[in-house]
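Notes follow once the structure below has been shown.
Nothing in this text is a laboratory measurement; each read-out follows from the coordinates by a stated rule. Note that the coordinates shown come from a computational prediction; the quantities given were computed from them, not determined experimentally. Ideal geometry is used to build each Cβ from the backbone, glycine not excepted, and the neighbour counts take in all protein chains shown.
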Amino acid sequence: MALCLRLAPLPSHPKTHRQNSLPRLKNPTFSQPLKLPKLTQIRSLSHNHEQLPVSQEKPRWQTVLDTLASLYPLYVTVGGITACLRPNTFSWFVQRGPLSYSVSLGFIMLAMGLTLDFKDFINLFLQSPFSILFGCIAQYSIMPTSALLVSKVLGLSPSLAVGLILLGCCPGGTASNVVTLIARGDVPLSIVMTVCTTLGAVLLTPLLTQVLAGAYVPVDAVKLSISTLQVVVVPVVLGSYLQSTFPALVKVVTPFAPLLAVLASSLLACSVFSDNVVRLKSSVVGASFAPDMSLFSRIQAILSGELGAIILSVLLLHSAGFFVGYIAAAIGGFKESQRRAISVEVGMQNSSLGVVLATAHFTSPMVALPPAMSAVIMNIMGSSLGFIWRYVDPSDPEHNVKCN
């Protein structure tokens, strides 16, 4: 999901209502897996507000851009339908892969870095190191383990198993930040976790993929590390450098970055899907039009094929991330807002990175399908969970636990 929101100060509440004092945000634009808001830009949020306010200071044209950027699930859905009906629509992009994929992800990560101030990031890390470290450990333990278990339980083919494990070993996606905001969770914690897991992906994603997926196919951890460094860390650091060195220029470019990054992410996911749609359609059509089969049997046959296996495996993986992440945070003694942030952060992955690494380092095109399918499924699941939590007050006494 790619929502573009701006946080504004809320009406003051009586002193009996506890508020979290958070750093001030200058231009908090969120988009999946697109960019993080500048860490100094978060203003004081109340857990008891009735709706998410949007700053009235923004020009109308910028509001239009933000609205268009928030339609990421729609773009991916329309693109997926187009890929099914006319796969050749994305052939110009697919034929230039994996270079075109890497350039797209690099642009997305550059947009993320444009709003990242490492000084503020370090300050926030020093304020609550335990919760951040806990969340990062949960990210790189729950999701990779869940991916391995799901692939074994469902008996996935080697290519799909590797793709699912690679997805599980990816860092958190930045859509988690806006979902955490909607869910009334700890937004600064979500932001810093995303940055930490993204930077840690250079070592942890290749290493975990090699350990867990090495039994299926050979995995070159060194090449994966180099690719992750090139398409993730370098653009983020470059964006942060440009933000601090050329603030005036970045201020002009920033309003357009979310929409462009959303379109790049949508194109990336839909292109990978279109590259495999012929194979998937053949299995679906064969199952659907088999003679003497009831409707239920036809649906069962479709779901038992490759397409059904991909959808089910991705659903189970992200469900495990949301659920186990929340339970782990509860056992760790965190308060409700932090539990929600950790749950959402663990459950939502940078699926674009998974697509790029899969297409660049694995011969089977099926490896990229779980990350590509995740771009749609994950955002629907995350946004739905966020809106459910939106109407459950995290300050309710029964949710309050002493924070470590």
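Taking each residue as 0.36 nm, the span from TRP92 to VAL217 lengthens on full extension beyond its C-alpha to C-alpha distance by 42.1 nm. Evaluated at q = 0.23, 0.25 Å⁻¹, the base-10 log of the normalised Debye intensity for the range 124-196, with identical point scatterers placed on the Cα atoms, takes the values -0.96, -1.04. The label point for LEU203 and the one for SER141, both projected 7 Å from the Cα toward the Cβ, are 1.7 nm apart. Full extension of the chain segment joining LEU229 with PHE387 gains 53.4 nm, where the gain is 0.36 nm per residue of separation less the Cα-Cα distance. Checking the Cα-Cα distances for LYS58/LYS335; LYS152/LYS335; LYS119/LYS335 against a 30 Å cut-off, the pairs over it are LYS58/LYS335; LYS152/LYS335. Exposure proxy ranking for LEU156, LEU204, based on other Cβ atoms within 10 angstrom of each Cβ and starting from the fewest, stands as LEU204, LEU156.
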